[in-house]
Amino acid sequence: MAEIVVSGGQRLNGEIPVSGAKNAALPLMAVTLLTSEPVTLTNCPDLYDIGTLTNVLRGHGAEIDASRIGEGAGSGLPVLHMHTPEIKSIVAPYDLVSQMRASILVLGPLLAREGKAEVSLPGGCAIGSRPVDLHLMGLEAMGATIALRDGYVVAETPQGGKGRLQGAKINFPKVSVGATENLVMAATLAEGRTEMFNAAQEPEVVDLCHCLISMGAEISGVGTSHLIIDGVDRLSGTQHQVVADRIEAGTFAVAAGMTGGELILKNGKLEHLGSLATVLEASGVVCTQVAGGIHVVSTQERPNSVNVTTEPYPGFPTDLQAQTMSLMVVARGMAVLTETIFENRYMHVPELIRMGANIEVDGRVAVVRGVEKLFGAPVMATDLRASASLILAGLAAEGETRLSDIHHLDRGYERIEAKLSAVGATIERQE
Ligand code: UD1
């Protein structure tokens with residue numbers, strides 16, 4: 001079983017290229033189901049999750065030129081050519097959807113284009129129950145009939161799947177990135193106007209809207225919580241560049257903070273870091289936008305403790321909670337972290353404690369008392385972002401940290417060990 005082995009104590013210095021965002025690329029791939037014309041994505045990250053969705057889309061009839069994508073992080077094919085002349089199957093099977101929850105993103109496009117869809121329910125996942133009720137609520141508001149049968153969502157548009165989805169007013173009781181994306185895609189081909197209130201404003205949602213607009217969709221309010229979509233009869237093909245991964249950039253910014261380092265995060269966008277930049281600055285890590293990327297410099301030997309509460313964008317991202325906890329673990333003082341998005345997202349805590357961290361968890365609140373030193377240890381990755389937090393801790397720890405179960409890491413970070421070793425970290429993958 002492959003492991004990542006880190007020997008801590010090196011100060012990171014240099015330039016790291018930021019990849020295209022996984023969480024933007026996945027919904028952008030589902031867009032191919034909305035049009036019979038070719039869609040090309042550039043700056044696509046080469047990750048296992050992209051390979052999984054490729055298989056789901058191929059099952060629906062998409063032709064995807066991605067021979068090397070998904071074979072393993074780093075095999076490298078940044079351009080994804082997709083073409084779905086016709087939908088050959090409306091079924092997204094359990095064995096694929098259960099591998100990756102984001103497969104649910106095919107539901108809206110299949111219904112909008114084909115009038116019918118049968119998509120397996122994703123089931124639970126490591127970081128919480130993660131229901132899809134908001135996706136279904138929105139599609140029902142647009143006139144779809146939805147039944148749950150044998151673990152599948154079985155949905156059809158009015159008139160037994162022959163009619164179109166109908167524009168509707170959708171008021172999300174809770175901000176959901178996935179539900180906003182699914183329903184925006186569905187609404188582009190619906191009849192009439194769809195208005196969404198309390199929609200997600202994440203940069204990945206914005207990127208999806210821009211891509212859809214380039215295909216002829218009529219969307220206004222992009223980047224706000226109030227989206228207005230006027231349905232059109234058809235969408236054309238397009239070529240679109242996937243936005244840079246703010247979570248990957250944020251992870252490397254924390255790495256600079258943990259090692260007293262200085263990095264240029266090439267292609268990174270500071271405005272997308274949102275409140276992470278504020279937290280980092282308060283901790284003594286200064287981020288500035290420079291030509292071509294983000295400059296990150298650690299201004300003090302030990303970071304300051306900063307309290308953090310995860311929230312929908314532009315609030316602090318839950319996908320950076322684990323990594324930021326690693327920074328607080330070595331900071332001066334005490335930090336209180338509150339996770340408001342997912343109910344079980346502290347699985348990195350017992351592993352960090354094995355490295356010498358002082359953390360107490362009570363429900364959604366974690367109290368971190370900074371320690372002067374961490375010690376390398378064998379640790380286990382439990383989910384994607386938890387894996388990254390353990391690598392960060394390993395960079396600051398004395399001695400060797402061996403991270404096992406790294407398939408989680410390969411779902412979302414492209415060649416993380418190569419990128420970190422290029423800026424001075426002692427890190428390698430051992431097969
Ligand atoms: C996306 C991201 C994920 C990130 C999360 C929050 C992708 C592939 N994944 O996940 O990395 O951590 O946004 O920024 O882009 N909820 C419901 N009902 C629903 C849908 C969601 O109750 O129908 C709840 C969830 O349980 C959670 C909250 O809403 O508490 C936010 O979830 P959501 O934004 O939908 O997350 P994802 O889109 O799954």
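The values are calculated or read from the model by the stated rules, or taken from the named source; none is laboratory data. Every value quoted in this text rests on a predicted model; they were computed, and no experiment measured them. Neighbour counts are summed over all protein chains in view; Cβ atoms, including those assigned to glycine, are modelled from backbone coordinates with ideal geometry.
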Problem - Yes/no for Gly138 being at pLDDT 95 or above, within 17 Å of Thr194 (Cα to Cα), away from the ligand (no atom under 14 Å from the Cβ) and not in a strand (DSSP E or B) - result: no
Handout entry: Residue check, Ala199 in contact with a strand residue (DSSP E or B) (Cβ under 6 Å, 6 or more places away or on another chain), within 24 Å of Glu140 (Cβ to Cβ) and within 13 Å of the ligand (Cβ to nearest atom)
Key = yes
Practice task
Just name the residue that is nearest to the ligand (Cβ to nearest atom) out of those in the stretch 166-195 that are more than 16 Å from Leu105 (Cβ to Cβ) and of a type in the set (A, V, I, L, M, F, W, C).
Solution key: Val175
Exercise for the section: Output yes when any residue across the stretch 263-272 is in contact with a Phe, Trp or Tyr (Cβ under 9 Å, 6 or more places away or on another chain), within 20 Å of Gln321 (Cβ to Cβ) and surrounded by fewer than 23 Cβ atoms within 10 Å (Cβ to Cβ), and no when none is. Expected result: no
Fill in the blank from the handout: Val154 vs (1) over 23 Å from the mean Cα position of the chain (by Cα); (2) part of a helix (DSSP H, G or I): all pass except (2)
Handout entry: Scope the stretch 113-122; condition outside any strand (DSSP E or B) and either closer than 15 Å to Gly61 by Cα or away from the ligand (no atom under 13 Å from the Cβ) (or both); matching residues
Key = Arg113, Glu114, Gly115
Problem - All strands (runs of 3 or more DSSP E) inside the stretch 177-234 with 2 or more residues being within 15 Å of the chain's Cα centre (by Cα) - result: none
Practice task
Looking only at the stretch 241-248, decide whether some residue is outside any loop (DSSP other than H, G, I, E, B) and farther than 20 Å from Leu390 by Cα.
Solution key: yes
Exercise for the section: Look at Leu47 and say whether it is within 16 Å of the ligand (Cβ to nearest atom) and modelled with pLDDT of 95 or more. Expected result: no
Problem - The lone exception for Ser404 - which of (1) among the hydroxyl-bearing types (Ser, Thr, Tyr); (2) out of contact with any helix residue (DSSP H, G or I) (no Cβ under 9 Å at 6 or more places or on another chain); (3) within 24 Å of Arg302 (Cα to Cα) it fails - result: (3)
Exercise for the section: Take the stretch 303-313 and flag every residue that is assigned to a loop (DSSP other than H, G, I, E, B) and either modelled with pLDDT under 95 or among the β-branched types (Val, Ile, Thr) (or both). Expected result: Val306
Exercise for the section: Determine whether Ala186 is at pLDDT 95 or above and buried (at least 24 other Cβ atoms within 10 Å of the Cβ). Expected result: yes
Exercise for the section: Test Thr324 against the criterion of being β-branched (Val, Ile, Thr), within 16 Å of the ligand (Cβ to nearest atom), farther than 17 Å from Arg411 by Cβ and assigned to a helix (DSSP H, G or I), and give yes or no. Expected result: yes
Practice task
Please work out which residue is nearest to Thr145 (Cα to Cα), limiting yourself to the stretch 158-177 and to residues that are surrounded by 22 or more Cβ atoms within 10 Å (Cβ to Cβ) and out of contact with any strand residue (DSSP E or B) (no Cβ under 6 Å at 6 or more places or on another chain).
Solution key: Leu165
Practice task
For Leu110, state whether it is under 27 Å from the mean Cα position of the chain (by Cα), part of a helix (DSSP H, G or I), within 16 Å of the ligand (Cβ to nearest atom) and modelled with pLDDT of 95 or more.
Solution key: no
Handout entry: Considering residues of the stretch 232-252 that are hydrophobic (A, V, I, L, M, F, W, C) and out of contact with any helix residue (DSSP H, G or I) (no Cβ under 6 Å at 6 or more places or on another chain) only, the residue farthest from Tyr413 (Cα to Cα)
Key = Val232
Handout entry: Tally, over the stretch 280-302, of residues that are crowded, with 24+ Cβ neighbours inside 10 Å and part of a helix (DSSP H, G or I)
Key = 2
Handout entry: Residue match in the stretch 269-282 (condition: within 23 Å of the chain's Cα centre (by Cα), on the phi > 0 side of the Ramachandran plot and touching a residue at least 24 places away in the same chain (Cβ under 8 Å))
Key = yes
Practice task
Check Val306, Val296, Val254 and return the single one that is farther than 30 Å from Ala187 by Cβ, away from the ligand (no atom under 16 Å from the Cβ), of a type in the set (Val, Ile, Thr) and touching a Cys at 6+ places or on another chain (Cβ under 7 Å).
Solution key: Val296
